[in-house]
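**Q** First the structure, which I've put down as structure tokens, then a few questions once you've had a look.
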Amino acid sequence: MLPLYLIGQEPAQLNCVEVLADGSVTIWWTPPSNSTGFDKYEIYYSPNGISFTKIDEINTPLTNHYDDLNTNANLASRYYFVKVIYAVGEANSDTLQSIFLQLDNNAPLYNQADLFWNALSNPSPGGSSGIYKIFEEYPIGNWFERATTTSLTETLDVIVCLDSISFRIEMENSSGCKSVSNISGAIFKDAIYPLKPDFDSVSINNLGEAVLGWQPAADTDVEGYIIYRLENAAWIEIQRIDGYNSVFYTDASVDPCENVFTYAIAAFDSCGNKSPGTFSEPLNTILIEDVVFDVCSMSNTVTWSPYINAQPSLEGYKIYCSVDGSPFSQAGFVAPDQLSFVHSGLLGGSNYNYFVQAVFGGKSSTSCQLSVTTYSYQEPQFVYLANASVLASNEVELTIDVDTLVNTCTWEIWSSSETDPTPKLIASISRSELTGFPLVYTDESADAATAYYNYYIIVVDSCGNNALESNQVTTIKLSGSQPAADLNQLDWTAFNGWEEGIEKYYIFRIVGDEIPTLPFDSVSPTTLTYQDDIASIDNTSGVFGYWVQAKQNSGNSSYREASNSNRIYLAEESSLYMPNAFRPGGNSAEYKPVYQYFTGTQYLFQIYNRWGQLIFETSNPEEGWN
């Protein structure tokens, strides 16, 4: 069943990529089944499958192919996709890669064609047969089908004395087109082929260039060597070097300090025959991927890519370091399966430059250099809990002097109480959350009317360490009683936490609705009780409110704080009189109790007749029986 698309979303189906003999390419596609809103086809091309360029536009919806005449697909694989532009949208086809056939005619003692090529895509495009047909040209101008396969490689025996043989790959598609590779050919002859050279190492010199080294071939007929580099999963010949004793090559065309590059080599003899390449045991450059500085541990972690196929087996990696331009010295050694090293005990403000060296059997491969400059993080220098004062709501307001010069830290606020002595973390405030100075925090979980509270601050630095702990401050818990009718007694717990000590405790009294701004009395810092004679105070409500305030002594501190206790309220005993008579319509028209003030919260007045029957009831102190 065909997939369903919205109008303006159906792509073209790219089916085939055909490479012609001159290196030009024809791509074939199946147009969208619904061309409603069709505007145009856009043809996109890339030489590497990474960066695509629009190369043409086609305005006819029934067009099903395009000829790219200047692509040179006989030199390397090329990539294409087709974009369908609609009036209301667009849709891309799958990307197909032209089949690039590479031929290796190396085989000792007999003629053999080693063919390898890439797939069109993975998976293959819809309608593809999945079968690669291998065509051989022999003699020139006569093409015939030599073999079929479903893999991407094939080895064919070629029995000729000395002749030119060419090959191409084809895959058919049910849409009627076929994908065709480039033509790759070589001279085949009956000869003794060179042995594969002994590829020693790939290293990087001080100029940041890849340097390849190998042993001279065992065959004296060898006249030189071929250098291959792996690019986009294909081996590309990058250089031929003449000379039996030429055993080094410097690749200045790439930057091995930015990427890992993999190489293989082969030898060729006087007949042009190539030895097997070292494709199955390639060697690669070592790339230092990163040097990460950890300011908390004052260490650098160096990581690198592995060195593969070392012969003899890899013994391990040496890590070399130069500090501030000093000569390099070995900083460490790790096992072959370890690709990182932690360099500890570093100094802040220094430049550390590294390279890594793989060692194996007296040989080595060296990476590029990579450096990092260390630094020291700024630790918080102080924290001071300046005050803890009880608010009228019985919440506690904290005033904290903090170090604002640090860029990153957290202030943890810890609390315990008279009833729960185990310290608990009640808040964590980060440096980024600080909006004013000093830091003011309200503990909304506190109920300072029931207990006194202890507070202290822990400063957690940017490395997660508990860097500092503040002084502890204890709030004032005020309670009261009435030892006599006209006497209110106040008792409180001591305030603690100021190094300078307490100047005095100041007593505040609330009469009526007016909240005082000044105390009416004070006591010494060692006195924790006070009796207030209220006999002469005119208070119609009969309720007296109090709080106590500790005042900090003057001293070296820049603070002169005042810490308030919770507020309490004490009510005078009401004076109650019952009239012995009343007359409706007279001066005393209602019968009810007479009191100096009523301070209770519950009131009930009931009148019964002589037979015990309830004849009046009210809960309003102002209402009487008439």
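**Q** Might you let me know whether segment 112-132 holds any residue that is open to solvent by less than 50 Å² (accessible area, probe 1.4 Å), within 19 Å of Ala12 (Cα to Cα) and touching a Phe, Trp or Tyr at 6+ places or on another chain (Cβ under 6 Å)?
**A** No, segment 112-132 contains no residue that is open to solvent by less than 50 Å² (accessible area, probe 1.4 Å), within 19 Å of Ala12 (Cα to Cα) and touching a Phe, Trp or Tyr at 6+ places or on another chain (Cβ under 6 Å).
**Q** Name the single residue that is farthest from Phe199 (Cα to Cα) among those in segment 299-330 being more than 30 Å from the chain's Cα centre (by Cα) and among the hydrophobic types (A, V, I, L, M, F, W, C).
**A** Per the criteria, the residue is Val323.
**Q** Anything in segment 232-265 that is open to solvent by less than 30 Å² (accessible area, probe 1.4 Å), in contact with a Gly (Cβ under 9 Å, 6 or more places away or on another chain) and within 24 Å of Leu101 (Cβ to Cβ)? List them, or say none.
**A** Ala264, Ile265 - these are the residues of segment 232-265 that are open to solvent by less than 30 Å² (accessible area, probe 1.4 Å), in contact with a Gly (Cβ under 9 Å, 6 or more places away or on another chain) and within 24 Å of Leu101 (Cβ to Cβ).
**Q** Return yes or no: is Lys551 more than 30 Å from Tyr377 (Cβ to Cβ) and open to solvent by less than 50 Å² (accessible area, probe 1.4 Å)?
**A** So Lys551 fails the test.
**Q** Within segment 373-385, identify whether any single residue is of a type in the set (Asp, Glu), touching a Leu at 6+ places or on another chain (Cβ under 9 Å) and farther than 30 Å from Phe199 by Cα, and answer yes or no.
**A** yes
**Q** Evaluate the following for Thr450: is it touching a residue at least 12 places away in the same chain (Cβ under 8 Å) and in contact with a Lys or Arg (Cβ under 6 Å, 6 or more places away or on another chain)?
**A** So Thr450 fails the test.
**Q** So which of Ala210, Ala217 ends up being over 25 Å from Ser129 (Cα atoms), modelled with pLDDT under 95, crowded, with 19+ Cβ neighbours inside 10 Å and not acidic (Asp, Glu)?
**A** Only one candidate qualifies: Ala217.
**Q** Something else about it: Determine which member of the set Leu103, Leu156 is in a strand (DSSP E or B) and open to solvent by less than 20 Å² (accessible area, probe 1.4 Å).
**A** Criteria check complete, one pass: Leu156.
**Q** For segment 64-81, name all the residues that are exposed (fewer than 14 other Cβ atoms within 10 Å of the Cβ) and either without any contact (Cβ under 8 Å) to a residue 24 or more places away in the chain or in a loop (DSSP other than H, G, I, E, B) (or both).
**A** Selection gives Leu69, Asn70, Leu75.
**Q** Something else: Filter segment 334-358 for residues that are over 15 Å from Ile286 (Cβ atoms), assigned to a strand (DSSP E or B) and touching a Phe, Trp or Tyr at 6+ places or on another chain (Cβ under 9 Å) and give the result.
**A** The answer is His343, Tyr352, Asn353.
**Q** Can you pull out every residue in segment 461-477 that is open to solvent by 20 Å² or more (accessible area, probe 1.4 Å) and either out of contact with any strand residue (DSSP E or B) (no Cβ under 7 Å at 6 or more places or on another chain) or in contact (Cβ under 8 Å) with a residue 40 or more places away in the chain (or both)?
**A** Ser462, Cys463, Gly464, Asn465, Ala467, Leu468, Glu469, Asn471, Gln472, Lys477, listed by residue number.
**Q** For segment 478-503, name all the residues that are under 59 Å from the mean Cα position of the chain (by Cα) and either surrounded by 16 or more Cβ atoms within 10 Å (Cβ to Cβ) or of a type in the set (Ser, Thr, Tyr) (or both).
**A** Result: Leu478, Ser479, Gly480, Leu490, Trp492, Thr493, Phe495, Asn496, Gly497, Trp498, Ile502, Glu503.
**Q** Can you name every residue in segment 444-477 that is at positive phi and either more than 38 Å from the chain's Cα centre (by Cα) or at pLDDT 95 or above (or both)?
**A** none
**Q** Would it be correct to say that Ile58 is touching a residue at least 12 places away in the same chain (Cβ under 8 Å), touching a strand residue (DSSP E or B) at 6+ places or on another chain (Cβ under 9 Å), β-branched (Val, Ile, Thr) and buried (at least 18 other Cβ atoms within 10 Å of the Cβ)?
**A** Criteria not met by Ile58.
**Q** I'd like the full set of residues that are of a type in the set (A, V, I, L, M, F, W, C) and closer than 16 Å to Ser98 by Cα, limited to segment 15-66.
**A** Listed by number, the residues that qualify are Cys16, Val17, Val19, Leu20, Ala21, Val25, Ile27, Trp28, Trp29, Ile43, Ile50, Phe52.
**Q** Since Ile165 meets every condition but one in (1) modelled with pLDDT under 95; (2) in a loop (DSSP other than H, G, I, E, B); (3) open to solvent by less than 30 Å² (accessible area, probe 1.4 Å); (4) not charged (D, E, K, R), which condition does it not meet?
**A** Failing condition for Ile165: (2).
**Q** Mind counting the residues in segment 326-339 that are more than 20 Å from Ser313 (Cα to Cα) and open to solvent by less than 70 Å² (accessible area, probe 1.4 Å)?
**A** Final tally of qualifying residues: 3.
**Q** Are any of the residues in segment 41-53 buried (at least 17 other Cβ atoms within 10 Å of the Cβ), within 14 Å of Gln13 (Cβ to Cβ) and either touching a Leu at 6+ places or on another chain (Cβ under 9 Å) or touching a residue at least 40 places away in the same chain (Cβ under 8 Å) (or both)?
**A** The answer is yes; a qualifying residue exists.
**Q** Sticking with this structure for a sec: Just checking, how many residues over segment 277-292 are open to solvent by less than 10 Å² (accessible area, probe 1.4 Å), out of contact with any Ser or Thr (no Cβ under 6 Å at 6 or more places or on another chain) and under 18 Å from Glu258 (Cβ atoms)?
**A** Within segment 277-292, residues that are open to solvent by less than 10 Å² (accessible area, probe 1.4 Å), out of contact with any Ser or Thr (no Cβ under 6 Å at 6 or more places or on another chain) and under 18 Å from Glu258 (Cβ atoms) number 1.
**Q** Please work out which residue is modelled with the highest pLDDT, limiting yourself to segment 554-586 and to residues that are among the hydrophobic types (A, V, I, L, M, F, W, C) and open to solvent by 70 Å² or more (accessible area, probe 1.4 Å). Steps first, answer last, please.
**A** From segment 554-586, those among the hydrophobic types (A, V, I, L, M, F, W, C) are 562, 568, 570-571, 576, 578, 581-582; that's our starting set.
Now drop any that are not open to solvent by 70 Å² or more (accessible area, probe 1.4 Å), which leaves 576, 578.
On the way: Leu576: 53, Met578: 66.
Among residues in segment 554-586 that are among the hydrophobic types (A, V, I, L, M, F, W, C) and open to solvent by 70 Å² or more (accessible area, probe 1.4 Å), the one modelled with the highest pLDDT is Met578.
**Q** If you scan segment 367-399, which residues turn out to be among the aliphatic types (A, V, I, L, M) and either within 33 Å of the chain's Cα centre (by Cα) or open to solvent by 10 Å² or more (accessible area, probe 1.4 Å) (or both)?
**A** Leu370, Val372, Val383, Leu391, Ala392
**Q** Looking at segment 607-624, I want the residues that are more than 15 Å from Glu590 (Cα to Cα) and have a partner that is among the acidic types (Asp, Glu) with Cβ atoms under 9 Å, at least 6 apart or on another chain. Which pairs are those?
**A** none
**Q** Ser203 passes all but one of (1) open to solvent by 20 Å² or more (accessible area, probe 1.4 Å); (2) modelled with pLDDT under 95; (3) in a strand (DSSP E or B); (4) of a type outside the set (D, E, K, R); which number fails?
**A** In the conditions (1) open to solvent by 20 Å² or more (accessible area, probe 1.4 Å); (2) modelled with pLDDT under 95; (3) in a strand (DSSP E or B); (4) of a type outside the set (D, E, K, R), Ser203 misses (2) alone.
**Q** So is Thr408 under 30 Å from Val291 (Cβ atoms) and surrounded by 13 or more Cβ atoms within 10 Å (Cβ to Cβ) or not?
**A** yes
**Q** Go through (1) under 34 Å from the mean Cα position of the chain (by Cα); (2) of a type outside the set (Gly, Ala, Ser); (3) in a loop (DSSP other than H, G, I, E, B); (4) at pLDDT 95 or above for Thr435 and report which single condition fails.
**A** (4)
**Q** Is it the case that segment 303-326 has a residue that's more than 26 Å from Asn206 (Cβ to Cβ), of a type in the set (A, V, I, L, M) and part of a strand (DSSP E or B)?
**A** no
The values are calculated or read from the model by the stated rules, or taken from the named source; none is laboratory data. What you see is a predicted model; the values in this text were computed from it and never measured. Methodologically, a virtual Cβ is constructed for each residue, glycine included, from the backbone with ideal geometry; neighbour enumeration extends over all protein chains shown. Protein only, heavy atoms only, side chains kept; ligands, DNA and RNA dropped before computing areas. Shrake-Rupley method; radii C 1.70, N 1.55, O 1.52, S 1.80 Å.
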